[in-house]
1. Tell me which of these Glu65 doesn't satisfy, since it passes every other one: (1) over 15 Å from Phe159 (Cα atoms); (2) surrounded by fewer than 19 Cβ atoms within 10 Å (Cβ to Cβ); (3) of a type in the set (D, E, K, R); (4) out of contact with any His (no Cβ under 9 Å at 6 or more places or on another chain).
2. With the requirement that a residue be surrounded by fewer than 14 Cβ atoms within 10 Å (Cβ to Cβ) and under 20 Å from Thr59 (Cα atoms), what does region 103-123 give you?
3. Can you tell me which residue within region 165-219, out of those that are part of a loop (DSSP other than H, G, I, E, B) and loosely packed, with under 12 Cβ neighbours inside 10 Å, is modelled with the lowest pLDDT?
4. I'd like the residue in region 76-102 that is assigned to a loop (DSSP other than H, G, I, E, B) and in contact (Cβ under 8 Å) with a residue 60 or more places away in the chain and, out of all such residues, is surrounded by the fewest Cβ atoms within 10 Å (Cβ to Cβ).
5. Test Gln47 against the criterion of being of a type outside the set (D, E, K, R), over 19 Å from Gly99 (Cβ atoms) and in a strand (DSSP E or B), and give yes or no.
Amino acid sequence: MKKLLLLALVAGAAASQADVTIDTLSGWNGTDSINSFGVSDTSTYGQTFKVTTAPLLMTYEFQLESQQVDEGFHAFNLYVMAWDDVNNHATGPVLYKSGDQFLVDSGTWQDFTVAPNVMLNANSKYVAFISTSESNRDVNWASMQAGRGGTDAYADGQFMFTNNGADTNGWTNNTWSSWSTNDTAFKAVFCGPAVPEPTTIVGLGLSVIGFIRKKRKQS
């Protein structure tokens, strides 16, 4: 029993989290943009991405700016869904929906960071998208723009959009459009399964061997 307990402690101590970050935000120049997004027509902007070895999407960060300065604020939500790379649309159920987010009409770029903490499937494609479809509180047309990370800034995904208005069925029924091979300026942080640290395993493994030999001599 003591041997099993000690081996379990070794396994636990010799593990660390393998984090993966997809980041086009750090290379963004602070001005390039994709527009215009919001009520009433082009209400959905998305970024496709591929999950690798770290399946837990912990945080998702992006930048928005209002192109108006007199409307108060604009409400939207961020969603995560699986992505159909053949037919170019979201598929399946909504895997994550954020609380209401609010972009203030300040004429400056605003940073948004949400924490989905949603488990995804490795080696699969997804889309993280912002939409006003379920938070249509703007009386007038809301003109917003997203930070543009550049052309082919991220090889395994791209910026996509759909003119679905308030129709959420459009997320899965419409064929989304792209703008060349541009990406949004975003940063997604993933947490992976525990991986062994070789030096720790060697050190603790020798301790276990010594412990077992000592017990045998005492027997």
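1. The failed condition is (2).
2. Asp111, Thr113, Ala115, Asn117, Met119, Asn121, Ala122, Asn123
3. Of all residues in region 165-219, those part of a loop (DSSP other than H, G, I, E, B) come to 165-169, 174-176, 179-181, 185, 197, 219.
Of the ones still in play, those that are also loosely packed, with under 12 Cβ neighbours inside 10 Å are 169, 175, 180, 219.
Numbers: Asn169: 97, Thr175: 98, Ser180: 82, Ser219: 53.
Only one residue fits best here, namely Ser219.
4. Just the residues of region 76-102 that are assigned to a loop (DSSP other than H, G, I, E, B), to begin with: 85-88, 98-100.
Filter once more, so that each one left must be in contact (Cβ under 8 Å) with a residue 60 or more places away in the chain: 87-88.
Working: Asn87: 12, Asn88: 16.
Here the residue is Asn87.
5. Details: of a type outside the set (D, E, K, R): yes; over 19 Å from Gly99 (Cβ atoms): yes; in a strand (DSSP E or B): yes.
Against the criterion (of a type outside the set (D, E, K, R), over 19 Å from Gly99 (Cβ atoms) and in a strand (DSSP E or B)), Gln47 qualifies.
The values are calculated or read from the model by the stated rules, or taken from the named source; none is laboratory data. In this text, all values refer to a predicted model and were calculated from it rather than measured experimentally. Here the Cβ is made from the backbone with ideal geometry for all residues, glycine too, and neighbour counts use every protein chain on show.
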